[in-house]
Structure formats: structure tokens, C-alpha cells
1. If each residue's Cβ is checked for other Cβ atoms within 10 Å, how do K180, K101, K300 rank with the fewest at the top?
2. If neighbour count is taken as other Cβ atoms inside 10 Å, put E23, E276 in order from fewest to most.
3. What do you get when you divide the Cα radius of gyration of the chain by 2.2 N^0.38 Å, with N the number of residues?
4. How high is the relative contact order of the stretch 134-197? Use alpha-carbon pairs under 8 Å, at least six apart in sequence, and give a whole percent.
5. Give, rounded to the nearest 20 debye, the magnitude of the charge dipole that the chain has about its Cα centre when Lys and Arg contribute +1 at Cβ and Asp and Glu contribute -1 at Cβ.
6. Express in nm, to one decimal, how much length is gained between L232 and E270 on full extension, taking 0.36 nm for each residue of separation and deducting their alpha carbon distance.
7. What does the C-alpha gyration tensor say about the overall shape of the stretch 175-294? Classify as rounded when a/c is under 1.5, otherwise prolate if a/b is larger than b/c, or oblate.
8. Subtract the Cα-Cα distance of R53 and D206 from 0.36 nm times their separation in residues, and report this length gain in nm to one decimal.
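A short reminder: the numbers here are calculations on the coordinates, not readings from a lab. Quantities reported herein were computed from a predicted structural model and do not represent experimental measurements. Heads up, the Cβs are rebuilt from the backbone with ideal geometry, glycines too, and the neighbour counts pull from every protein chain shown.
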Amino acid sequence: MRKTEEKAYAKINIGLDVLGRREDGYHELKMVMQTIDLCDDVLLSWEEGGTDREIRILCDTPGVPCDRRNLAYRAAEAFFACCREKEEQEFRGRLEIRLVKRIPAAAGLAGGSSDAAAVLRGMDRMLGTGFGEAELRRIALPLGADIPYCVSGGTALAEGIGEVLTPLPSLPDCSIVLVKPPFDCSTAEIYGTLHVDSLGPADHPDMDRVVQAIRNGSVREAAEHMGNILELPALRMHPEIGTIRQVLRREGAAGTSMSGSGSAVFGIFEDRGEAERVFRALRAGGAAGQIFLTAPVDPKKQYSSEI
């Protein structure tokens, strides 16, 4: 039996703009993505043999589907299909995927996408297929727009529907206070109520300034120019998102934003001690929802380990 373990890191959006709607129904995006050290653990085991193939998902977290509804399951299917196409090799045996969940669902943190990316990376290593990142991103794209980014992680500009990736310098040292309020946001509903054609230039975040700030190595400048156009519909449905942002900014965050299509909100702090103080104060004050103290991470140094 072969085994491996992968870290599936959450992401936040340092900036997110929607440029328009494409003819295929997808939205044209421009985003800056950042991996943070909040993560799920994905444990893979493969036992070869028999005349059939079985994929099994194990997870103790309530509400997480353990069948084909789970992106991790569909990622494994797609990987096996690629093996058949590329190598004319039909793997037979049992694949077990055990998920240890820490990333909140329906939060704009790419928890499910990151699990799927971890499955692709882990299977590539464990089965010795040697596809590499570019091929894994190709396998990932039909499964979801965030998954190609999650294969590699780090700091990146994402364009197109999220699949056109330009690596950026790592975000300088900073700390992040992340709040997942006690309600979810539906990605389909958020995008469905965003009417890009009716928005003016002032409604769009200045993504070029965010990118330049990161290239200049300035956390404060990047934080001050952060923006997420999806907050416009999200705030109409959940004004609490604005309240959380106000609290984080009042407590000294250099910048605050909602991540993805929500509902998670985060604040960037240049000083670790200040971030720890705010984190403790929010928890002691009984703030509703889940609260995390996290930081940017370089995933290439920490993704995989053998068991």
C-alpha cells in the first residue's frame, strides 16, 4: 500500500474584480490570490489490485459529502482519466481519501478547491506519474476555476476565469485576522446579482495598484488598495460583512476585505502583536462565527510529506 499526505491551504483574495460576462456564461476576472496557513489535511492511500477501481472519501465533519458531490472525489476521477489518456494505463485498486477539515465551507476560502488540488498533487507523487504542475492545472480547470491556482498556490495574479496565472513576489511578512460569520454566501447567488454593466469605474478595485504594491514589497500599500467587487451584492444580502470590516479597520488593520464570494472577511496587520491582540479581543468579546489568526504561506515548501 502506498500513502502520502498533502496540505490543502486556504486562499484569500487580496483583490478581486469582475470585468464582464463571457459568451460561455463565465465571468472574466482579475484577482490577486494569496495562500494562507489555514489548511485542511488530505491523506491518500492506494492499494493496487483486483479488476476494478474504487474511490472512497472519509471525513468526520458534518455536512461534507463523501461521494461524487465532493470535488476531491471528482479530482481523483479526472486524474485516473488522464492517466488512461496519457499512459494508456488503467489503474486498478482502491484509493482512499481522508479529509481533516479546518477551512470553513461557503466562505470564499477555496476549501473544496484546495482539497481537490491536494488530491491531484498527492496522486501524482504517490503513483509516480510525474505530470507536474502544468498538467495538473490542465486536469483541474474543468473541475473549478480556483483549482488550477490551488495546485500551485502562493501569490499570483489570476485572470480569465481564474486559469491564467502570473506568479507574483511573495507577500511580505504580515498577519491576518480572519472572521467567518455564522452565515454562508452562495457563489451562484452573489454572481447572479452582480450587474457589472451597470457599475461605474469607481466600483472596480484598482487591481494594477495592488499588483504593483506587491511587486514593490509594500504590505501597507497593497492592503490600502484592496477591494472586492463581489462585496456590492454581498453587502445587500448581509450588511454584517460591512460591520466586521469596520471593526477590523477600527482595531488597526492596514486594510480589510471580503474573500472571494464570501462570507469570510479578513484584515491585514503589519504587526504580529497587534494582530494577536485583535484576535484575542474578538474571541473574548464573543464575536459571532469562527475567528482565525493566520498568515501568508509559501506552500511549495510545505505541501507534501510521505507517511
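1. Ordered by Cβ neighbours within 10 Å, fewest first: K300, K101, K180.
2. E23, E276
3. Details: Rg = 19.5 Å, N = 307, 2.2 N^0.38 = 19.4 Å.
The value comes to 1.00.
4. Numbers: 42 pairs, mean separation 12.0, N = 64.
Rounded, it is 19 percent for the stretch 134-197.
5. Dipole size: approximately 580 debye.
6. Details: separation 38, 0.36 × 38 = 13.68 nm, distance 2.68 nm.
Length gained between L232 and E270: 11.0 nm.
7. Numbers: a/c = 2.44, a/b = 1.17, b/c = 2.09.
Verdict is oblate for the stretch 175-294.
8. Numbers: separation 153, 0.36 × 153 = 55.08 nm, distance 4.86 nm.
The span from R53 to D206 would gain 50.2 nm if fully extended.
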